[in-house]
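Asks: I'd like to ask you about the structure that follows.
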Amino acid sequence: MLNKWLCSISLSLVVSTAFGAKVGELYDQHCKICHGADLKGGIGASLVDGQWRGDGSREFLTKVLKKGQPELGMPGFEGVLSDAEIRALVIFIREKEKAALAAPPPKPEESTGVFNVAGEKFRVETVASGFKIPWGVDFLPDGRYIVTERPGTVRIVEADGTVNKPIVGTPEVFAKGQGGMLEVAVDPDYASNGWIYLGFSDKQKRKGEEVGLTKVVRGKVEGNEWREEETLFEAPEKFYSPTGQHFGTQIVFDGEGHLFFSIGDRGRQNEAQDINRPNGKIHRINTDGSIPMDNPFRDDGFPTVWSYGNRNAQGLAMHPVTNELWESEHGPRGGDEINLIERGKNYGWPVITYGMNYNGTPITSETERPGMEQPKHYWTPSIAVSGIDFYQGYAFSSWKNHLLVGSLRQEELHLLEIEDGEVKSDTIVLEDHGRIRDVVSGPDGAIYLVVNSPDQLIRIVPAD
């Protein structure tokens, strides 16, 4: 349909399709006859060999699908397919091409177990195991770890990897779908104040039905008990939903007394554009729960909102040099994003996106619109992006201040080089060690990964 040798199908063979058809059905109806069921070619050329008459970009593919190349026998589908359906086909082709051209994953030397990737040599070690769906991790000053488990528990892990019994008295959670006990963050001044912050899906009842939404609290651990809890953020019950998806719930501090956290769109995508609702947003509060005077919608919207149009933020991280707030956003099918989050800005979901619905139906034809921010980086096909952190140690000197990005579906750890607010490169440094849920640059210079399947806390350490 699009490649170096294009199909000779007659324009008269093109038939119409109903808006909203699944992308696989669109391909079968309009493209398979020339390019084959596996996209590897037939009458027309392969769509997955990386060889294109043009540059192979999203813009190029969209143009050829719309206008065709009649001199080569390639029909145009403008007026036959909607813009959204054409956009879905572009995503579909890019997905298949990426899979066909994927490089083999980084592998260690068989004799030593040492990886040599992106200028650094490292090993992978298991720190602790025996968890039940671990979700987040942070570090205590005495060398211990604190880990959340999605079903609703929080555990202290000793420096030697011993996993203690769940802490008693932590909040009850809405443990449905993606909901549960999600984020943990140790106060930057923990040594003097002892505060630990938890982000979780809070459970309430509405007319006998359980409903949930993200809530943020802080408290102290004394012995193995949770005490002195204070509620920092809790939305009115009218905003709670019975759905079990898209809670977001990441926490990060800016060093100036503010705490940022995320709430996903909760499966109600259009509400991400409504500044009077808490879902589909990045929020900002003071660490005591009060609302900063300079929040952009303090007086004419939901007062804690910092940015909006965010689908489901899976990671938040402060750049250690610029103090910029970066976010990883779990997209639909295609369109996982890395965003630079700025005060009061609209990040577009669901009006603009580089993805489509999981079932292959279109969401929108638009990938950009005035007044809506573009991602600094995105993945099509999706990697199922998860936690992020900037590397701040010295064990891997060439990775200093680079952004570490986890992946669930692809089980990958990406290393993004960022310069002047732009992503300059994206390198896969680790693969096939489980679904990476959280990524944290440790105080010892190691890189810590919370992984599911298997449920473990692992770390990347220098080979020497």
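Asks: So how far, in whole Å, is the C-alpha centre of segment 56-83 from the one of segment 133-189?
Replies: Computed from Cα coordinates, the inter-centre distance equals 51 Å.
Asks: Ok, one more. So with the 1.4 Å probe, I'd like the accessible area per residue for segment 59-201, rounded to whole Å².
Replies: Here the residues of segment 59-201 average 44 Å² of exposed surface.
Asks: Moving to a separate point now. Taking the alpha-carbon distance from K107 and a cut-off under 21 Å, which lysines remain once sequence neighbours fewer than 8 residues away in the same chain are dropped?
Replies: K98, K121
Asks: Which lysines have a Cα less than 20 Å from the Cα of K345, not counting those fewer than 8 places away in the same chain?
Replies: Within the straight-line cut-off, K345 pairs with K281, K376.
Asks: I'd like the Karplus ³J(HN,Hα) series for segment 146-163: coefficients 6.51, -1.76, 1.60, θ = phi - 60°, whole numbers in Hz, and an x wherever there's a Gly or Pro.
Replies: 10, 10, 9, 10, 3, x, x, 10, 10, 10, 8, 10, 5, 4, 8, x, 5, 9
Asks: With r as the distance between the Cβ atoms of E222 and E78 and R0 = 60 Å, compute the FRET efficiency 1/(1 + (r/R0)^6) and round to 0.05.
Replies: My answer for the efficiency is 0.35.
Asks: For the chain, build the charge dipole from Cβ charges (+1 Lys, Arg; -1 Asp, Glu) around the Cα centre, then report which of A446, L89, H30 sits farthest towards its positive end.
Replies: H30
Asks: Mind checking the per residue accessible area of segment 321-442 for me, 1.4 Å probe, whole number of Å²? Write out the running numbers ahead of the final one.
Replies: Details: 4260 Å² over 122 residues.
Per-residue accessible area for segment 321-442 comes out at 35 Å².
Asks: Treating only the Cβ atoms of Lys and Arg (+1) and Asp and Glu (-1) as charged, compute the dipole magnitude of segment 268-337 about its Cα centre; round to the nearest 20 debye.
Replies: 220 debye
Asks: Per DSSP H run of at least 4 residues, take -39500 (n - 2.57); add these up for the chain, divide by its residues and hand me the 222 nm value, nearest 500 deg cm²/dmol. Spell out each step's value before the answer.
Replies: Numbers: 5 runs with 45 residues, N = 464.
So the calculated ellipticity at 222 nm is -2500 deg cm²/dmol.
Asks: Still on this structure, please answer the following. Over segment 92-142, what percent of the accessible surface lies on carbon and sulfur atoms, probe 1.4 Å?
Replies: Of the solvent-accessible surface of segment 92-142, carbon and sulfur hold 49 percent.
Asks: Quick one: grab the alpha carbon gyration tensor of segment 377-460, order the square roots of its eigenvalues as a ≥ b ≥ c, and give me rounded if a/c is under 1.5, else prolate or oblate depending on whether a/b is larger than b/c. Kindly include the intermediate steps, with their values, before the conclusion.
Replies: Details: a/c = 2.24, a/b = 1.11, b/c = 2.01.
Judged from the Cα gyration tensor, segment 377-460 comes out oblate (a/c at least 1.5, b/c at or above a/b).
Asks: To the nearest 20 Debye, how big is the dipole of segment 206-360 about its Cα centre, given +1 on the beta carbon of each Lys and Arg and -1 on that of each Asp and Glu? Before the final figure, lay out each step's value.
Replies: Details: 17 positive and 24 negative charges, 102 e Å.
Dipole about the Cα centre, nearest 20: 480 debye.
Asks: If amide hydrogens are placed 1.01 Å from N in the peptide plane, which non-local residues have theirs closer than 5 Å to the one on V385?
Replies: G331, L408
Asks: Starting from 0.36 nm per residue, how many nanometres of slack lie between E237 and N276 once their C-alpha separation is accounted for?
Replies: Between E237 and N276, full extension yields an extra 12.6 nm.
Asks: On a 1.4 Å probe surface of the protein chains, which of S382, S453, S111 comes out largest in accessible area, and what is the full order?
Replies: Per-residue accessible area, sorted high to low, gives S111, S453, S382.
Asks: Would you mind telling me the share, in percent, of accessible area of segment 237-299 contributed by carbon and sulfur at probe 1.4 angstrom?
Replies: 41 percent
Asks: Counting only protein heavy atoms and using a 1.4 Å probe, what share of the accessible area of segment 336-390 belongs to carbon plus sulfur, as a whole percent?
Replies: That share works out to 44 percent.
Asks: Still on this model: Would you tell me the accessible area of R435, worked out with a 1.4 angstrom probe on the heavy atoms of the protein chains, in Å² to the nearest 10?
Replies: 80 Å²
Asks: Toward the positive end of the charge dipole of the chain, about the Cα centre and with charges on Cβ (Lys, Arg +1; Asp, Glu -1), which of W349, P462, L65 goes farthest?
Replies: L65
Asks: Still on this structure: Classify segment 242-399 from the C-alpha gyration tensor, please: rounded if a/c falls under 1.5, else prolate or oblate depending on whether a/b exceeds b/c.
Replies: Cα axes put segment 242-399 in the oblate bin.
Asks: To test your reading of the geometry: what angle, between 0 and 90 degrees and rounded to tens, separates the Cα axis of helix 83-101 from the longest principal axis of the chain?
Replies: The angle comes out at about 80 degrees.
Asks: Continuing with the same structure: Please calculate the 1.4 Å probe accessible area of S201, with all protein chains present, and give it to the nearest 10 Å².
Replies: Surface accessible to solvent at S201 totals approximately 0 Å².
Asks: Turning to a different aspect of this structure: With charges only on Cβ, +1 for K and R and -1 for D and E, what is the dipole size of the chain about its Cα centre, in debye, rounded to 20? Intermediate results must be reported in sequence, preceding the final value.
Replies: Values: 49 positive and 67 negative charges, 316 e Å.
In debye, rounded to 20, the chain gives about 1520.
Asks: Next question, about the same structure. In terms of solvent-accessible area of protein heavy atoms at a 1.4 angstrom probe, what is the ranking of D265, D299, D274, highest value first?
Replies: D299, D274, D265
Asks: Here's another thing I want to ask about it. Taking a ≥ b ≥ c as the square roots of the eigenvalues of the Cα gyration tensor of the chain, is the shape rounded (a/c under 1.5), prolate (a/b larger than b/c) or oblate?
Replies: Prolate, since a/c reaches 1.5 and a/b exceeds b/c.
The values are calculated or read from the model by the stated rules, or taken from the named source; none is laboratory data. The structure displayed is predicted, hence computed values, not measured ones. All Cβ positions, glycine included, derive from the backbone under ideal geometry; neighbour counts span all protein chains shown. Note: accessible area is taken over every heavy atom of the protein model, side chains too, but ligands, DNA and RNA are not part of it. Shrake-Rupley method; radii C 1.70, N 1.55, O 1.52, S 1.80 Å.
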